[in-house]
Structure formats: structure tokens, C-alpha cells
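The values are calculated or read from the model by the stated rules, or taken from the named source; none is laboratory data. This is a predicted model, so every value here is computed, not measured. In this analysis, Cβ positions are derived from the backbone assuming ideal geometry, glycine residues included, and neighbour counts consider all displayed protein chains. Just so you know, the surface numbers come from the protein's heavy atoms only, side chains and all, with ligands and any DNA or RNA stripped out. Shrake-Rupley method; radii C 1.70, N 1.55, O 1.52, S 1.80 Å.
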Amino acid sequence: VQLQASGGGLVQPGGSLRLSCAASGIIFSNHAIDWYRQAPGKQPELVAFVTSRGRTEYVDSAKGRFTISRDNAKNTVYLQMNSLKPEDTAVYYCHLVANSTPYWGQGTLVTVSS
């Protein structure tokens, strides 16, 4: 199983980014998948997840600003992030569990700064 995350970068406060995570080696549609982030000096935080049936949940700080979605035909999950704030600065990781084994993408850095 491989997860390839992309889409991070430098953005000004109030801006938007869309992260992507492409999965291979699994039947993607059978699995929930989520995005974590880790800010400097902080513990990893679950940002959002989407179940195999498309149900979504978000951390309170992301509600109303972030949208997680999946395209099973492309084996890809997205995280659309709007109204970004400096406190959203972190490395973002996609993650799923398959056959009781956790898999992580390599992380993509999001920096929100003027």
C-alpha cells in the first residue's frame, strides 16, 4: 500500500489550498481515509476523515473551512482548505488502516503566512 500526498505550499492568511492523496495497492473504495496534521512542537491532530460510504467528520477548528472528499475512480482523497489561518500551518498526512495495518503518506507542508 502506498499513499502519495501532494498540494501543500505557502499561502497567505485567508487563502486556499487543495491537498490530494493518491492511494495504490488497495481496494481504495473499501476503506475510510483521513488527514492528520502535525504543527511544529505539537502532537499530531486528526483533521478530517471520510468513510468508505462517504460520511465525513472534522475537527472543530476545521468545520466550515475544510472539506474532505474522495474520488474512488481515481483512488484519491482530497482536502479542500479555505480561509486558511496561520494556526493551520503544519505537515499534513493522509492515513488509512488496511488489514489492521496503518499506512501513512509522506506528508505535505502547508505554511500559512503573510
Q. Which ones in region 85-114 are modelled with pLDDT of 95 or more, open to solvent by less than 40 Å² (accessible area, probe 1.4 Å) and over 14 Å from the mean Cα position of the chain (by Cα)?
A. 112
Q. Applying the selection to region 22-42, what residues are part of a strand (DSSP E or B) and within 17 Å of residue 59 (Cβ to Cβ)?
A. 33, 34, 35, 36, 37, 38
Q: Find all pairs meeting these conditions: Cβ atoms under 8 angstrom apart; at least six residues apart or on different chains; first residue within region 39-50 and farther than 19 Å from residue 68 by Cα; second residue in a strand (DSSP E or B) and open to solvent by 50 Å² or more (accessible area, probe 1.4 Å).
A: 39/45
Q: May I ask you to list pairs of residues, at least six apart or on different chains, whose Cβ atoms are under 8 Å apart, with the first in region 92-114 being under 18 Å from residue 43 (Cα atoms) and the second being surrounded by 11 or more Cβ atoms within 10 Å (Cβ to Cβ) and among the acidic types (Asp, Glu)?
A: 94/34; 95/34; 110/88
**Q.** Of residues in region 41-74 being among the acidic types (Asp, Glu) and over 19 Å from residue 3 (Cβ atoms), the one nearest to the chain's Cα centre (by Cα)
**A.** 57
(Q) Restricting to region 30-67, and then to whatever is farther than 18 Å from residue 20 by Cβ and small (Gly, Ala, Ser), can you tell me which residue is surrounded by the fewest Cβ atoms within 10 Å (Cβ to Cβ)? (A) 41
Q.
Of the conditions (1) open to solvent by less than 30 Å² (accessible area, probe 1.4 Å); (2) assigned to a strand (DSSP E or B); (3) not basic (Lys, Arg), residue 15 satisfies every one except a single condition; which number is it?
A. (2)
Q) Of the residues that sit in region 1-12 and are open to solvent by less than 50 Å² (accessible area, probe 1.4 Å) and within 12 Å of the chain's Cα centre (by Cα), which one is farthest from residue 83 (Cα to Cα)? A) 3
